[in-house]
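Input: a single structure, listed below in structure tokens.
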Amino acid sequence: MKGKILVTGGTGFIGSHTTVELLNAGYEVVIIDNLSNSNRDVLDGIERITGKRPVFVEGDCCCMATLEKLFEDNPGINGIIDFAASKAVGESVHKPILYYRNNLNILLNLLDLMPRYGVKGFVFSSSCTVYGEPDVNPITEAAPTKKATSPYGATKQISEDIIRDVIASGAPIKAILLRYFNPIGAHPSAEIGELPNGVPQNLVPYITQTAIGIRKELSVFGNDYDTPDGSCIRDFINIVDLAKAHVKALERMLGGGSDDNLEVFNIGTGEGVSVLQLIDVFQKATGIKLPYKIVGRREGDITKIWADPTKANTVLGWKAQVSLADTMLSAWNWQKKLRERGVM
Ligand code: UD1
């Protein structure tokens, strides 16, 4: 056993895939999740893949007493990976208090408790949204952050600042901020994947739900951007690849790989792919003709952003590996599995 890791939001999309990679790497995992955007079945999926069942605490990280009990009941936690957050960009515009309260309280509670329970390492799920519209692509970690376009984005920026301030104050902890680009796909086993509540806001679940007939057609938000085909460009990163970056981050922090108490890494492929190109990759990988139409731009969308992942490649020893075609196929296989199971 390499260590005991607390994964907050561990039954969610990124949390569940990261739990699998942690268990496969020999870590013991304790999950806390309030199941607001996931369900217990995810634990079965994790167990089917790894042969191990993480400790599961149903609870809300906004509640200090719940967290204290978790640390008392599970002594010896070495690291925390914090995925517990509300993450719908559009919803955050309408419910800013919910987003600030939830995302920031969780973070503050965890940082407050870490020294008390001797937890050394903290991995935070940040987002490329902190960069706003880049002046240059691919973007490096040295690029300035810009005013967030949504309360969700603001919580990521403020969270990064809080972590920075706590480390600067001399707290006995180390932190790594992982700035994700666009995580997509599902585990190749199709045992776990993304399960959005209601109508998907993100592109790939909308594509797969359209392909299987739950949605009539995909709306492509704008083809008049300043890009080669007019649609927005993103850096779509495979979810299993992304999950593996967390294991690398923990190993670096807990294994003493760095003298810096705070480090930031872009987690992306380094390739910019447009929305229309992604649809094409999906169609070729699955042989399905996807019904879609071009509609107006979505408010708050940035035109193009993709990562320069050199720092993660060289310093963290992490690199995206799964092809975009295989990633889209994994998302499709997951969607078909949900249908088989009668989930949707
Ligand atoms: C957003 C956030 C990102 C967050 C992610 C998770 C910003 C700038 N980005 O990513 O930080 O981690 O959500 O929720 O806040 N699209 C369509 N049709 C659709 C859906 C999407 O054309 O039905 C287009 C969008 O206009 C965009 C691209 O697909 O150009 C990707 O959209 P989406 O999957 O929602 O992710 P982001 O907005 O890039």
- Query: Counting only residues that are modelled with pLDDT under 95 and under 15 Å from the mean Cα position of the chain (by Cα), how many does the range 1-48 have?
  - Reply: 2
- Considering residues of the range 197-222 that are within 10 Å of the ligand (Cβ to nearest atom) and free of Cβ contacts under 8 Å to residues at least 40 places away in the same chain only, the residue farthest from Ile279 (Cα to Cα): Val199
- Filter the range 118-164 for residues that are touching a residue at least 24 places away in the same chain (Cβ under 8 Å) and open to solvent by 60 Å² or more (accessible area, probe 1.4 Å); the one that is nearest to the ligand (Cβ to nearest atom) is Thr149
- Item | Scan of the range 181-196 for residues that are within 9 Å of the ligand (Cβ to nearest atom) and either of a type in the set (A, V, I, L, M, F, W, C) or more than 21 Å from Leu329 (Cβ to Cβ) (or both), ordered by number | Phe181, Ile184
- From the set of residues in the range 86-104 that are open to solvent by 60 Å² or more (accessible area, probe 1.4 Å) and more than 16 Å from the ligand (Cβ to nearest atom), which is nearest to Glu68 (Cα to Cα)? Arg101
- Test Lys2 against the stated conditions and say whether it is over 24 Å from Met114 (Cα atoms), assigned to a loop (DSSP other than H, G, I, E, B) and out of contact with any His (no Cβ under 7 Å at 6 or more places or on another chain). no
- Checklist (1) within 10 Å of the ligand (Cβ to nearest atom); (2) open to solvent by less than 10 Å² (accessible area, probe 1.4 Å) applied to Asp241, failing item: (1)
- Query: For residues in the range 165-194 being more than 29 Å from Val119 (Cβ to Cβ) and either of a type in the set (D, E, K, R) or out of contact with any strand residue (DSSP E or B) (no Cβ under 9 Å at 6 or more places or on another chain) (or both), which is surrounded by the most Cβ atoms within 10 Å (Cβ to Cβ)?
  - Reply: Ala186
- Note on the structure: Of those in the range 290-331 that are within 13 Å of the ligand (Cβ to nearest atom) and small (Gly, Ala, Ser), the residue surrounded by the most Cβ atoms within 10 Å (Cβ to Cβ) is Ala307
- Could you say whether any residue in the range 119-130 is out of contact with any helix residue (DSSP H, G or I) (no Cβ under 9 Å at 6 or more places or on another chain) and within 17 Å of His246 (Cβ to Cβ)? yes
- Query: Which residues, counting only those in the range 151-189, are within 24 Å of Ile207 (Cβ to Cβ) and more than 18 Å from the chain's Cα centre (by Cα)?
  - Reply: Ser189
- Message: Restricting to the range 1-36, give me the number of residues that are of a type in the set (S, T, N, Q) and open to solvent by less than 30 Å² (accessible area, probe 1.4 Å).
- Response: 5
- Message: Every residue in the range 37-46 that is touching a helix residue (DSSP H, G or I) at 6+ places or on another chain (Cβ under 9 Å) and open to solvent by 60 Å² or more (accessible area, probe 1.4 Å), please.
- Response: Asn37
- Item | One residue from Asp280, Asp235, Asp229, Asp260 being under 30 Å from Asp165 (Cα atoms) and either within 15 Å of the ligand (Cβ to nearest atom) or in contact with a Ser or Thr (Cβ under 8 Å, 6 or more places away or on another chain) (or both) | Asp235
- Note on the structure: Of (1) within 11 Å of the ligand (Cβ to nearest atom); (2) open to solvent by 20 Å² or more (accessible area, probe 1.4 Å); (3) without any contact (Cβ under 8 Å) to a residue 24 or more places away in the chain, Gly287 fails just (1)
- Item | Matching option when the condition is among the aliphatic types (A, V, I, L, M), open to solvent by less than 40 Å² (accessible area, probe 1.4 Å), away from the ligand (no atom under 16 Å from the Cβ) and farther than 27 Å from Ser258 by Cβ, among Leu70, Leu111 | Leu70
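The values are calculated or read from the model by the stated rules, or taken from the named source; none is laboratory data. Bear in mind that the values here come from a model prediction, so they are computed numbers and not experimental data. All Cβ positions, even for glycine, are placed from backbone atoms using ideal geometry, and neighbour counts span all protein chains on display. Heads up: the accessible areas ignore ligands, DNA and RNA and are worked out on the full protein's heavy atoms, side chains in. Shrake-Rupley method; radii C 1.70, N 1.55, O 1.52, S 1.80 Å.
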